[in-house]
Structure formats: C-alpha cells, structure tokens
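A short reminder: the numbers here are calculations on the coordinates, not readings from a lab. Just so it is clear, the structure is predicted and the values come from calculations on it, not from any experiment. All Cβ positions, even for glycine, are placed from backbone atoms using ideal geometry, and neighbour counts span all protein chains on display.
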Amino acid sequence: MNLRSFLDLKAKAFAALMAKAPLADSWGLGRASCRISHKRPYDYDAATELFLYREVDEPEVVWNVITNVGRVFLHTQGYATTGIGANGLNYIALSNDTLTETATSTTLSTEIAANGLSRAQGAVVLPTGAGTQTTVDKTFTCTTAPQAAQKSALFTASAAGTMNHALAFTQRSLQVNDTLQVTFTITLGA
C-alpha cells in the first residue's frame, strides 16, 4: 500500500465516522437545560420538625430559548472592558403560560409574583479547572394558595433586568407546601 492509498483510506474512515456522529454530539455547543422537580409533603416528622416530601411527577429536563439581549450580556460579561454588569443571570422567574418568548423577547410574559413563586435568586455553582457547566438552582415553596407553573427564565435582577434562557416545561399544579425545584445547567465552550 502506498502513502496516497493510505491517506485516502484514512479520509474515508474519518468521513464515515463523522456521518454517524452529528456535529452537536462531536463538539459542545453553548446552551442551557433546566431540570424541574415537583414535590409534595406526605407526612410530618415531629422529631425533626420537618415535612417529608415525595415526587408528584417525574423530574423533567427541558431546553432553552436564548434571547438576543441575553447573548449580548454574556459576551459583554466575558469579554468587554466597559458596560459590565454587577450581577450575573442568577434570578429565576416562573410563569404559568405557554412559551411565547423568542430571541427578541426581553420579559417573561405573565411572570408569577405571588404564592411563594416570585422571582428569586438561585444558588450558583461555577465550573472549576477545565469545567464547562454552571448551575443555577432554586427550590420554590408554594405558600399561600395553589399555583401552577409551566415556564421559567433567568434574569440579572430581582425586578426588570436582562432575561436569558427562557424555557417551557410540563405544567405543574402546586398545592400549598409543595416545592418546585428549578435547576438551570448552562454549558459554554466544551
């Protein structure tokens, strides 16, 4: 076998491999997912004075819509020398309508502002070393009246602010004392 035949064989093998593996599976693409977990108290432990919870529905993982203002914010935070914000995208907002947000949206339609499900700052875990994922996590507790939710987004502030990573999930109908854990996982540059 000569060198040319060997190189042709390698090229064909590489092409066959790439045809079987979609590009998104080969290289990491920047995007966000969100895990939704709905739990309801089923008993009270008098010794610890805590409710015991169980899953109401199976946890669900959904994917986001990236807004233009959010994309610009991420690039500004990462690379700019001016205009850098004081806070990242770590406030989680909820809504109970279908996902109508698009890349040009700047607000979350019909954002919930009651019953313990108002926008709140999540706990952030940043990547270390060669890591590529950040998580923003918040467990909401339905407090005063039943409330359903089926949409979420990340913001830079407790009111107004820049919105990014809007997404929809299966509607969850929370009763008083139910919890809804919302965990965004953002992957950048794998």
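The table for this structure:
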| read-out | value |
| --- | --- |
| Three semi-axes of the equivalent ellipsoid, segment 18-166, Cα gyration tensor, whole Å, largest first | 30, 20, 17 |
| Charge dipole (debye, nearest 20) of segment 54-113; +1 at Cβ of Lys and Arg, -1 at Cβ of Asp and Glu | 400 debye |
| Thr104-Thr170 FRET efficiency (beta carbon distance; Förster radius 30 Å; 0.05 resolution) | 0.70 |
